[in-house]
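Structure, as structure tokens:
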Amino acid sequence: MQSKTLIVVVGPTAVGKTAVAIQIAQQFGCEILSADSRQFYKELNIGVARPSLNELNAVKHHFIAHLSIFDPYNVYKFEQDVLLLLDKLFEKDNIAVMVGGSGLYVDAVCKGIDDLPDPSPELRKQIIEQYEMEGIESLKKRLKELDPEYYSIVNLTNPKRLQRAIEVCETTGQTYSSLRKNMTHKRPFRIIKIGLNQDRETLYNRINLRVDVMLETGLLKEVESLYEYRYLNALNTVGYREIYNAVSGDISIEQAITDIKTNSRRYAKRQLTWFKRDQEIKWFAPTEFDLICQYLQSEI
RNA sequence: GGCGUCGUAGCUCAGUUGGUAGAGCAGAGGACUGAAAAUCCUUGUGUCACUGGUUCAAUUCCAGUCGAUGCCA
């Protein structure tokens with residue numbers, strides 16, 4: 001029996017992942033899974049650089065525009081969804097390509113993620129309110145009582161880390177640290193990871209240019225049409241919230257555009273920080289398709 | 001052409017009553033287990049425009065040069 005292989009393509013935003021993934025999928029005659037936590041949403045298109053219709057038609061894509069911004073979704077569900085789909089795909093294909101820049105989501109598929117509970121919306125709301133009313137010190141105090149072990153290792157200035165740990169402790173009655181196994185789950189398929197990167201200046205030029213193209217193709221209209229939903233998590237996204245800052249009058253539209261570029265560059269940097277520590281990733285320039293193919297052939 | 005103001009980090013600027021300098025932004029590095037395009041942490045040495053002069057010591061005072069800018073002609 002031939003072994004099944006998932007080819008994973010990662011890299012910073014705007015580096016050119018989509019084009020390479022499509023080439024690979026065509027080369028191997030397989031389908032593409034997106035691991036981009038914002039391209040999931042059907043309402044978000046221009047601002048999240050969704051692949052064009054031509055690109056989407058060139059190869060069968062999954063997990064693009066399959067959700068609504070109103071749907072609750074998270075990494076764990078994504079992991080489950082991907083594993084289910086791969087089961088099906090591997091019945092007919094030996095290879096599948098997963099492409100995306102959301103590091104946590106990629107890792108959830110490749111290494112697995114602990115089965116922790118979803119918080120109830122009420123509990124989450126309550127914790128957020130506590131943070132907003134009483135500040136981070138009060139969250140720290142609450143976590144210290146619930147889970148001193150995690151308290152001693154967590155970044156105590158990051159409210160979201162504290163919030164999540166409290167959520168898990170309160171819903172399970174157990175400590176977050178005891179439930180976090182952090183084990184690598186065995187997958188019934190091989191994984192080959194390739195990373196795309198290029199020199200910083202070229203990447204940043206591409207990012208800046210892409211924002212300009214987004215504006216030319218109707219970014220403002222798309223973003224403004226979702227204005228009333230700006231508080232949804234899916235819209236807490238580079239390219240959207242800056243424009244909402246301008247619409248609400250806090251900054252000029254020119255400033256918003258500059259901010260989108262700056263924040264996209266920072267996002268790219270964070271992505272690189274995440275992926276750089278993964279020793280399984282083999283890095284290439286986005287133009288080196290032949291080299292990438294050679295590498296994949298030698299590994300498969 | 002005359003008079004004035006300015007020339008300090010990639011950018012905007014502060015400052016040194018003479019003892020070689022510091023903020024914001026940009027940038028860089030890092031963390032990351034159900035909101036992850038999220039959230040959080042760390043990080044500032046630069047011919048103080050150039051050439052001379054005064055001085056133990058000049059980025060700081062003086063002169064000249066160059067550049068920018070304003071007003072007057």
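The values are calculated or read from the model by the stated rules, or taken from the named source; none is laboratory data. Being a predicted model, the structure only gives us computed values, none of them experimental. As a convention, Cβ positions derive from the backbone with ideal geometry for all residues, glycine included, and neighbour counts pool all protein chains shown. All accessible areas refer to the heavy atoms of the entire protein, side chains included, with ligands and DNA or RNA removed. Shrake-Rupley method; radii C 1.70, N 1.55, O 1.52, S 1.80 Å.
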Counting other Cβ atoms within 10 Å of each Cβ, which chymotrypsin sites (Phe, Trp or Tyr not before Pro) in the stretch A:52-114 have at most 13 and sit in a DSSP loop? A:Phe70
Running a GNM on chain A with Cα contacts under 10 Å, which residue among A:Ile153, A:Ile260, A:Ile32 ends up with the highest mean-square fluctuation? A:Ile153
Heavy-atom accessible area of A:Leu220 with all protein chains present, probe 1.4 Å, nearest 10 Å²? 60
Given the whole protein assembly as supplied and a 1.4 Å probe, what does the accessible area of A:Ser68 come to in Å², nearest 10? 10
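For the stretch A:111-207, state which trypsin sites (Lys or Arg not before Pro) are in a DSSP loop and have at most 11 other beta carbons lying within 10 Å of their beta carbon. Don't skip to the end; give the middle numbers.
Values: sites: A:Lys111, A:Arg124, A:Lys125, A:Lys140, A:Lys141, A:Arg142, A:Lys144, A:Lys160, A:Arg161, A:Arg164, A:Arg180, A:Lys181, A:Lys186, A:Arg190, A:Lys193, A:Arg200, A:Arg206; in loops: A:Arg180, A:Lys181, A:Lys186.
Hits after loop and neighbour filter: A:Lys186.
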Before I look further, what does chain A give for accessible area per residue, probe 1.4 Å, in whole square angstrom? 53
Can you pull out the chymotrypsin sites (Phe, Trp or Tyr not before Pro) in the stretch A:209-291 that DSSP calls coil and that have at most 10 other Cβ atoms within 10 Å? A:Tyr231
In a GNM of chain A with a 10 Å cut-off on Cα contacts, which of A:Ile253, A:Ile113, A:Ile243 has the highest mean-square fluctuation? A:Ile253
Within the stretch A:114-222: Cβ-based charge dipole about Cα centre, in debye rounded to nearest 20 (Lys, Arg +1; Asp, Glu -1): 580
To the nearest 10 square angstrom, what accessible area does A:Met98 show with a 1.4 Å probe? 0
Could you give the nm distance between label points at A:Ile300 and A:Gln126, where each point is 7 Å from its Cα heading toward the beta carbon? 5.2
Tell me, what % of the accessible area of chain A is carbon and sulfur with a 1.4 angstrom probe? 50
Work out the FRET efficiency for A:Gln279 and A:Glu149 from their Cβ-Cβ distance, taking R0 = 30 Å, and round it to the nearest 0.05. 0.60
Given charges of +1 on the Cβ of Lys and Arg and -1 on the Cβ of Asp and Glu, with all other atoms neutral, how large is the dipole of chain A about its Cα centre, in debye to the nearest 20? 700
Under the Karplus relation with 6.51, -1.76 and 1.60 and θ = phi - 60°, whole-Hz ³J(HN,Hα) for the stretch A:8-13, x at Gly and Pro, equal 10, 10, 10, x, x, 4
